[in-house]
Each structure stands twice: as structure tokens, then as C-alpha cells.
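Let me begin by presenting the structure, written as C-alpha cells, before commenting on it.
What follows draws every value from the coordinates through simple rules; no lab data is involved. In this text, all values refer to a predicted model and were calculated from it rather than measured experimentally. As a convention, Cβ positions derive from the backbone with ideal geometry for all residues, glycine included, and neighbour counts pool all protein chains shown.
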Amino acid sequence: MSQTELSRLDAMQQLQAKSATQTQVAQRLDLSVRQVKRLWRGYRRDGPKALVSQRRGRASNHQLNAATKAEALKLIQNHYADFGPTLAHEKLSEVHHLRLSPESVRQLMIGAGLWRAKRARTFVAHQMRQRRERFGELVQIDGSPHAWFEERGPRCTLLVFIDDATGRLNHLQFVPAETTWAYMNATRDYVQAHGRPLAFYSDKHSVFRVPDTQSGGSSGGGDGVTQYSRALAELDIQIICANTPQAKGRVERANLTLQDRLVKELRLQGIHDLETANRFLPGYREDLNRRHAREPRSSQNAHRPLGSQLNLDHIFSIVAARVLSKNLTLQYNKVIYQIQTKRPHYALRSKPVVVREAQDGTITIAYKGQPLAYTIFHQQSPQAKIVSAKEVVTLELAPQTKTAKRPH
């Protein structure tokens, strides 16, 4: 007999000895008087065995059907052998319409040796930061290099834009590597779809921040500002660089989730190239948001409209400041350009101009906002390029791109 049953036996013996009333026994056992009367009738009729549970040794009425167990395990072994129990349960429920709980799937996978129970992780305390109140008030951005297509395709990087207030994945995009142009294109798509957020929260990648502001850096035009941060400034979007990965934990956790779930989803869909994957991402992103996103504390949307005064083609370009020589020449990216003008040469000598390079390689030279005609005077042979460590693997695996055009 269990301890509960032994307590009931002791109570029945007290009733038999008339040392306690049924009301007192009911209070002591936390039962109703009616239940005590039922137990007392069974005890007088059958003795102590009447107090033993009749369900002992019998299968539960809620036990999973053996045929359902066998079907679920077969599907898991054939299609979802390396899936986690939660994701495998979602696929069994949504794709195969099998009704079983996530814990049942977990136990099936443990029994079949497809999953091993994990030890609880040691808790590490980090400084807590409350979510922002409004949608679009802070958007965490990051690039996640990974073998997204496993052995079916090349390694690439997934750019992730996640809203801090809601946890919504606002934009996902596969790119060959984390580059200035990749972030510019992704940000352009983002602002056209949602508007301008108040701030982006990123890591210290050289796309967002020049490490040594004394040297300026060629990517930022010599002023200690990167091309991407300059573009955000023109859009009135603040860029904040986190000091540690834990500080931007929301996007880091999203990366881990995507590296598990998205990789498997791409495998199930038979996707192995960037173009097809990027067409698949919007629907997949909405499905994840439906499952995991939450409502913000404030109903106000902090995104601001673009406005007709913003020229995105100019904003999302490479911008460099130059000063014209006495011969009205300037050098940009190892090419010497000579200005062609009908006005006297001395009028433009030593004047500051702005060079803009579009993604297709088109060069525009402007003085006080007005474009200037030019010819290419001399073009140097290409030299060795300095790249970051993150780009080395991608440069080795990616096909060579064509040389950007530089029209006269």
C-alpha cells in the first residue's frame, strides 16, 4: 500500500474503534464526508484491500496508441532523425497530422537513441535589460556565417534583423558574406518595407565601426565613419555597437534557432542556392513570427516614413571626399579622373568634390551638389586587397565577380 492508502487505513481503524467521527477523518485526509462514507462502506465489506487503488497495474486511459507510436517513430527515423523533439513534434503535427504531445515525441526519440536528454546548463547571471516599448524603437542586426545548405551548396551568411520590443524577425536575407554592400542592400529593403527605425544595435564588425578613428580608414572616407554608418546617419538612424555578444542576446539566440531549424527546413524543401532560399525566407519568417513574436508594451509604431526628399540611390552608395588638383584631376580607387568643364580651370582648382560609387560601379563626381563631366586619365593595375578574417572563407568558396564598370 502507498502512504496515502496507509493513512486511510489508519483512519478507517479509528472509525471502527469510534475514536474519531467521519467529519474529523474527512478533515484530516482532506476529503469530503461523502468520500469518507464510501471508503468506510468498502472497508467494512472487503477489509483493507478496498482502500487499494483499483487502477494499480493497469495501463492509463491516456496512453498513446501503439500504432500511433510506431508510425511517429518511423516518420522520425526516415525524415527527422537529427531534429530536436520540439521541431519534430511540429512536423508530425502539421505535416503528418499525428496527435501526440511534445513530451511523447521526446520520449520516443530518447528510447530510439535519436535524442539524449541534456543536463541543465549552469546559470550565468548577466545584467538584465528591459525590452524597448515600441515596435521599431530598436532593431538588432547581425550576420550569421554558416553552412546553411549543408553539403548541397556553398557556405554563405544570413543577415538577421530582429525587433527588440516584439522579437519579430523583420528581415532575413542570404548573402555571400558580411560586406558593406550586403548590409546596404538589406537595409534598403528593410526601410522600404517598414520605414526608418530609431536605432540599429550591432556588434563591432568593421562594416559598422572603424576600430582606429585616428587613421580614419579607407572604407569611411578618412573621417572615422564607415560607409554604412554614414548612410544610416543620412537616414537619421542611430547605430549602436554592443560591447559583448551577450548584450545583443536576442539576435544571437535567433541565430542559434535559425541555424538549427532553418537548415533543416531548407533540406526538406530541397533548396541549395541563395536565390531560391531568399524567395523562401519571407513565408518562413512570417511562420516563425506567428509562433514566437509577442505584442509590444506600446501600440505606437516607432518606424518613420521615408519621405520623398530621401534619395536612396545616393544614400546607399560609396561616398568619398576629394580635392581637385591644379589640373582638375582626382584619384579614387586607383583610378585618376579628370574633370571636363567649359568654365575657366582656375575656378575649380583645389575645390572639394564628392565621389559617389553605385553598386554597379557607376561613378558620379559632384561639386556643390551638381554633377561634373569627367574622363578617365589613368587606371592602375589592381593590387592585393586587404580583407577581414570573416571574408577569407567566403572569398575562397565564392566565384570571382566581374570587374565593376566605370563609364566615362
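Can you give the FRET efficiency for Val335 and Leu268, using 1/(1 + (r/R0)^6), R0 = 41 Å, r = Cβ-Cβ distance, to the nearest 0.05?
0.30
If I build a Gaussian network model for the chain, linking alpha-carbon pairs within less than 10 angstrom, which residue out of Ala320, Ala177, Ala26 has the largest mean-square fluctuation?
Ala26
Roughly how many Å is it from the Cα centre of the stretch 138-197 to that of the stretch 288-328, as a whole number?
Centre-to-centre distance over Cα atoms comes out at 15 Å.
At 7 Å along the Cα-to-beta-carbon direction for both Thr362 and Gln27, put a label point, then send me their distance in nm to one decimal.
My value for the distance between the label points is 9.1 nm.
Can you match mean projected area of the Cα convex hull in nm² to one of these, [x] 40.1; [y] 31.0; [z] 22.2, based on a calculation from the structure here?
[y]
Considering only Cα-Cα distances, which of the following residue pairs are longer than 19 Å: Lys326/Lys351; Lys342/Lys368; Lys204/Lys248; Lys91/Lys118; Lys118/Lys248?
Pairs exceeding the cut-off: Lys91/Lys118; Lys118/Lys248.
With r as the distance between the Cβ atoms of His314 and Tyr346 and R0 = 25 Å, compute the FRET efficiency 1/(1 + (r/R0)^6) and round to 0.05.
Efficiency, rounded to the nearest 0.05: 0.30.
For the chain, what does the relative contact order come out to in percent, with C-alpha contacts under 8 Å and a separation of six or more?
Dividing the mean separation by the residue count of the chain yields 12 percent.
Taking all pairs of distinct Cα atoms, average 1/r, flip it, and tell me the Kirkwood hydrodynamic radius of the stretch 139-292 in Å to one decimal place.
Computed over the stretch 139-292, the radius equals 16.1 Å.
Separation between the Ala20 and Lys326 pseudo-spin-labels, each 7 Å from Cα along Cα→Cβ, expressed in nm?
11.3 nm
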